[in-house]
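Q: Quick one: the structure is below, questions incoming.
The values are calculated or read from the model by the stated rules, or taken from the named source; none is laboratory data. Everything numeric in this text was worked out from a predicted model, so none of it was measured. Cβ placement follows ideal geometry from the backbone for every residue including glycine, while neighbour counts extend to all protein chains displayed. Heavy atoms of the whole protein, side chains included, go into the accessibility calculation; ligands, DNA and RNA do not. Shrake-Rupley method; radii C 1.70, N 1.55, O 1.52, S 1.80 Å.
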Amino acid sequence: MRKLIIGMWHSVNVEEWNQLNMGMINGLEASQYEKEEDWNKLRDFCNENNISYGIHSPIYGNKKMNLPEITSSDAEKRREAEKWIEREVELASKFGADYILFHYPFPSITPRQVDYEYWPRKVDFPTLKWNELSREEFLNLSHHIFKRLMDIQEKYKQKIVLEYDFFGEYEEEYLQIIEMYKDIQIVIDTQRLDVHKRAFPGFDPYPFLRKAAPYVYLVHHSTTLYSEHSKRHVPVIRESIDDPQYGDAHQYLVYLSKYNQTFHLHFEHNPTLVTEDQLKECYELARQVMFQRNS
């Protein structure tokens with residue numbers, strides 16, 4: 001059964017679940033809990049309510065998100081990232097998660113050309129410039145990483161998914177790798193796709209989605225308001241779809257659905273940015289796209 005998912009990060013919040021699920025949500029994505037007891041409470045809550053859940057790395061943490069730097073140009077950071085990933089996969093298996101998610105590539109890679117109207121000159125997450133990791137190095141690293149992930153996935157019988165991150169000028173290599181290692185599925189972020197298109201000239205989301213579609217397990221769905229008071233992780237509602245101040249998240253979802261009718265969807269948005277009626281509309285819009293072929 002396909003899942004519509006909302007986030008429940010840092011702790012289980014029953015009141016929030018009751019307020020936000022609206023009878024349409026059947027999954028959670030959790031991240032950065034404080035201790036094992038918190039994960040046990042989440043698992044019990046999900047079992048009691050017949051809800052499945054996945055994990056967005058890191059399993060433990062605080063408000064600052066740190067991710068394993070699996071494609072770092074620093075070999076020691078890569079070794080530590082591999083150890084981190086295996087520890088987290090083992091825990092996810094122990095906790096009974098549907099999946100555990102990591103970003104790939106990470107750090108993000110920026111291309112030669114950058115439009116600084118849409119990309120900050122200083123970012124608060126690790127990045128590599130186009131010339132810090134060669135094409136050959138990226139490809140060799142990717143083969144190693146995916147083989148290692150497949151071994152870890154098999155060892156712990158725990159599904160691993162990789163959320164697509166900015167791959168600089170290595171789109172062809174990225175697609176080659178995910179096609180070659182089909183057992184490791186990917187996550188598409190509709191907000192990231194739109195920033196990618198605007199910030200890095202030359203990237204076209206649609207050919208990328210067409211080629212990546214068979215390997216997509218999950219979509220992280222939200223949009224961006226590009227204005228004087230810009231906002232990220234905005235729920236996708238009807239009035240934003242054709243408004244040029246917003247990204248094209250809905251259009252990406254429609255397009256991807258033409259080529260993949262099995263992926264799940266996580267509303268990775270801030271629900272407080274819209275009214276209760278608009279939030280319901282957001283869910284219904286996504287449901288119409290995801291289930292129209294089955295209706």
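Q: Among the residues of the range 27-86, count how many are among the aromatic types (Phe, Trp, Tyr) and touching a Gly at 6+ places or on another chain (Cβ under 7 Å).
A: Of the residues in that region, 1 qualify.
Q: What are the pairs with Cβ atoms under 7 angstrom where one residue, in the range 153-180, is of a type in the set (A, V, I, L, M, F, W, C) and the other, located anywhere, is part of a loop (DSSP other than H, G, I, E, B) and open to solvent by 10 Å² or more (accessible area, probe 1.4 Å)? Sequence gap at least six, or different chains.
A: Close Cβ pairs (under 7 Å, with a partner that is part of a loop (DSSP other than H, G, I, E, B) and open to solvent by 10 Å² or more (accessible area, probe 1.4 Å)) amount to Phe166/Thr110.
Q: Which of the helices (runs of 4 or more DSSP H) found entirely inside the range 1-105 contain at least 1 residues meeting this: charged (D, E, K, R) and touching an Asp or Glu at 6+ places or on another chain (Cβ under 9 Å)? Steps first, please.
A: Values: elements: 14-20, 36-48, 75-95.
Those helices (runs of 4 or more DSSP H) span 75-95.
Q: Considering every residue within the range 157-165, establish whether at least one is modelled with pLDDT under 95 and aliphatic (A, V, I, L, M).
A: Our first condition is that a residue be modelled with pLDDT under 95; within the range 157-165, this holds for none.
No - not one qualifying residue is present in the range 157-165.
Q: Please determine, by comparing only the residues of the range 134-163 that are farther than 23 Å from Ile59 by Cα and open to solvent by less than 10 Å² (accessible area, probe 1.4 Å), which one is nearest to the chain's Cα centre (by Cα).
A: If we filter the range 134-163 for residues that are farther than 23 Å from Ile59 by Cα, which is where we start, we get 134-144.
From the residues that got through so far, the ones that are open to solvent by less than 10 Å² (accessible area, probe 1.4 Å) too are 138, 142.
Numbers: Phe138: 21, Ser142: 18 Å.
Of everything passing the filter in the range 134-163, Ser142 is nearest to the chain's Cα centre (by Cα).
Q: So which residues in the range 164-198 are closer than 20 Å to Glu137 by Cα, out of contact with any Pro (no Cβ under 7 Å at 6 or more places or on another chain) and either assigned to a loop (DSSP other than H, G, I, E, B) or open to solvent by 10 Å² or more (accessible area, probe 1.4 Å) (or both), if there are any at all? Before you say what the answer is, go through the steps one by one.
A: Of the range 164-198, the ones closer than 20 Å to Glu137 by Cα are 164-181.
Add one more test, that the residue is out of contact with any Pro (no Cβ under 7 Å at 6 or more places or on another chain), and what stays is 164, 166, 170-181.
Once the filter is applied, which keeps residues that are closer than 20 Å to Glu137 by Cα, out of contact with any Pro (no Cβ under 7 Å at 6 or more places or on another chain) and either assigned to a loop (DSSP other than H, G, I, E, B) or open to solvent by 10 Å² or more (accessible area, probe 1.4 Å) (or both), the range 164-198 yields Phe166, Tyr170, Glu171, Glu172, Glu173, Leu175, Gln176, Glu179, Met180, Tyr181.
Q: Any residue in the range 207-224 that's touching a residue at least 60 places away in the same chain (Cβ under 8 Å): show its pairings with residues that are polar (S, T, N, Q) and in a helix (DSSP H, G or I) at Cβ separation under 6 Å, as long as the two are six or more apart or on different chains.
A: His221/Thr190
Q: Does Glu117 satisfy being outside any helix (DSSP H, G or I) and open to solvent by 20 Å² or more (accessible area, probe 1.4 Å)?
A: Working: outside any helix (DSSP H, G or I): yes; open to solvent by 20 Å² or more (accessible area, probe 1.4 Å): yes.
When the stated conditions are applied, Glu117 passes them.
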